[in-house]
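Some notes on the structure that comes next.
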Amino acid sequence: MKLRRSTTAGIVAAAVLGLAGIVPAVATLKPADRPADQSLKALGMRHGLYIGTAVDTDALVDESDPTYRTKVASEFSTVTAENVMKWSELEPTRGTYNWEPADRLIAFAQKNRQQVRGHVLVWHNQLPEWLTEGVADGSIDKEELRALLKNHITNVVTHFRGKIWQWDVVNEAVTDPWATSDGVITYKGFWAENLGPDYIADAFRWARAADRKALLFYNDYNIDAFGDEGPSDKTFFVYKMVKDLKAKGVPIDGVGSQGHLATQYGNYDALQAAAALQRFSSLGLATALTEVDARSQLTEQVKAGNSAEINPRDQASAYNYSVLMQACLADRHCLSYTVWGFTDKHSWVSYTDLGDGKGNEGMATLLDENYQPKKAYNTLKADLAFAGGPLVQPRVPQRANPGRG
Ligand code: 9MR
């Protein structure tokens, strides 16, 4: 017995030595092969995973800031228009579409062999005034509004047909638990109020009619993990909603989890986030992280450069990015991981009032205002470089759902 044990120990020791023998080879990797010297997109492609960013199309053409477009091209394999595909931007005057900024982004993406996520067909924000005012003053009735929505989806999807990989068809359609007095999740916003929740199924059907191949997503925030599955569990509400859409034959292909996180909250861990994505994909849907960022409160000490307050924020931000990346890697149907801006120089967080007063949150992205990498950037690289089988497997491509009926 004793001998056997030592024999086993010897085999184990030999195996360990064998593994150890690999170490010098890794250590002598050519500089270009080292994770630190590779782009996010190259590291993502080890898993067939697309790494994306929202793009500010003004910054993309800013002659004084070539670093912005260089980084968009070199680090990312998919891009999303941060604003220029929204209805208010595309059709500011009724009947007159301004395609130019979005077309420019698509040309940029094609030149750099990048995929494009289309954002967004139906949302209650950034609607043109002629539309919201027409509804408010009664000059646009329900029937006309439904026809206008159908027409908008048809026009936009047709214009970009063949150029969009994933469309965010419907965005942020449901309430948050803290937004209503009883905390019960329900449908919210302009479209549900004026058309009723059936607009969601209609939107997917109209989008599919205009493009048979694009992947059609429902996109929302605060669906990072399941809760108690009670009436205040937003993730569970969305899960039931997409399950029901699938059961009815509505042509939906995926769920986008935005991933707007903030370090001052007690966020989820990677096991919870992975379980959520896997539960969505168990319905036969693809998943994607679509708008990841992890912001922090900017106290006076942070603004004054106190490293004792800055370091924990940078580390917590990196952790939150990492949680969502590990979750995405763990779900074979998670096709892309998109950040909502990659530099603090261009981030919605710095110019939006998030409840703490305008501009009092920030530090949300991967690179600082001078394009220098933060912990979050290197942490994502490490997650991508150091992940593999058996728990991380190559992606499963999603086939467009033709719908029925
Ligand atoms: O980043 C976008 C910002 O520039 C706009 O002012 C804002 C207007 O609502 O929308 C921001 O993007 C949002 C996205 O379209 C949907 N999910 C939440 C994003 C951050 O607010």
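The values are calculated or read from the model by the stated rules, or taken from the named source; none is laboratory data. What you see is a predicted model, and the numbers here were worked out from it, not measured in a lab. Methodologically, a virtual Cβ is constructed for each residue, glycine included, from the backbone with ideal geometry; neighbour enumeration extends over all protein chains shown. Note: areas computed on protein heavy atoms with side chains; ligands, DNA, RNA excluded. Shrake-Rupley method; radii C 1.70, N 1.55, O 1.52, S 1.80 Å.
Here are some notes:
- Of all beta bridges that DSSP places with both ends in the range 40-146, some 10 percent have antiparallel geometry.
- Taking N as the residue count of the range 110-266, its C-alpha radius of gyration divided by 2.2 N^0.38 Å amounts to 1.09.
- Choice from Asp233, Asp220, Asp331 with maximal GNM fluctuation in the chain (Cα, 10 Å cutoff): Asp233
- The simple spin-label model puts a point 7 Å past each Cα toward its Cβ; for Asp62 and Thr158 those points are separated by 3.7 nm.
- Accessible-area rank, largest first, for Tyr268, Tyr337: Tyr268, Tyr337, with all protein chains present and a 1.4 angstrom probe.
- Each of the peptides 116-127, 180-191 was scored by the mean count of other Cβ atoms within 10 Å over its residues; in descending order, highest first, they stand as 116-127, 180-191.
- In degrees, nearest ten, helix 375-385 long axis to first principal axis of the chain (Cα): 70
- Per residue, the chain exposes 46 Å² of solvent-accessible protein surface, assessed with a 1.4 angstrom probe and all protein chains in place.
- Each label was represented as a point 7 Å from its Cα along the Cα-to-Cβ direction; for Arg395 and Tyr265 these points are 2.7 nm apart.
- Residue-by-residue Karplus 3J(HN,Hα) for the range 78-85, coefficients 6.51, -1.76, 1.60, Hz, glycine and proline x: 8, 10, 10, 6, 5, 9, 6, 9
- Among the listed pairs Lys111/Lys374; Lys142/Lys243; Lys246/Lys345; Lys111/Lys246, those beyond 32 Å (Cα-Cα): Lys246/Lys345; Lys111/Lys246
- Carbon/sulfur fraction of accessible area - the chain, other protein chains in place, 1.4 Å, %: 53
- Rounded if a/c under 1.5, otherwise prolate or oblate - the range 224-265, Cα gyration tensor axes: oblate
- DSSP beta bridge pairing in the chain, given as percent antiparallel to the nearest 5: 10
- Highest mean packing first, where packing is the average number of other Cβ atoms within 10 Å per residue, the peptides 193-201, 41-49 line up as 41-49, 193-201.
- Principal-axis tilt of helix 100-111 within the chain, Cα atoms, nearest 10 degrees: 30
- For the chain, the longest principal axis of the Cα atoms and the long axis of helix 234-247 meet at an angle of about 70 degrees.
- Efficiency of FRET between Asn306 and Asn370 - r from beta-carbon atoms, R0 22 angstrom, step 0.05: 0.70
- When the chain is treated as a Gaussian network with alpha carbon springs shorter than 10 Å, the biggest mean-square fluctuation among Asp58, Asp211, Asp137 belongs to Asp137.
- Three-way shape call for the range 63-198 based on the alpha-carbon gyration tensor, with the a/c threshold at 1.5: prolate
- Peptide packing for 309-320, 99-110 was compared via the average number of neighbouring C-beta atoms within 10 Å per residue; ordered from the highest value, the list is 309-320, 99-110.
- Subtracting the Cα-Cα distance of Thr132 and Asp103 from their residue separation scaled by 0.36 nm leaves 7.9 nm.
- Net charge in the neighbourhood of Ala273 (other residues with Cβ under 10 Å of its Cβ; Lys, Arg +1, Asp, Glu -1) is -3.
- Cα-based shape type of the chain, given that a ≥ b ≥ c are square roots of the gyration tensor eigenvalues and the cut on a/c is 1.5: prolate
- GNM flexibility winner over the chain from Asp33, Asp293, Asp269 (Cα, springs under 10 Å): Asp33
- In this structure, the residue pairs whose Cα-Cα separation is over 22 Å, taken from Lys234/Lys375; Lys71/Lys381; Lys163/Lys188, are Lys234/Lys375; Lys163/Lys188.
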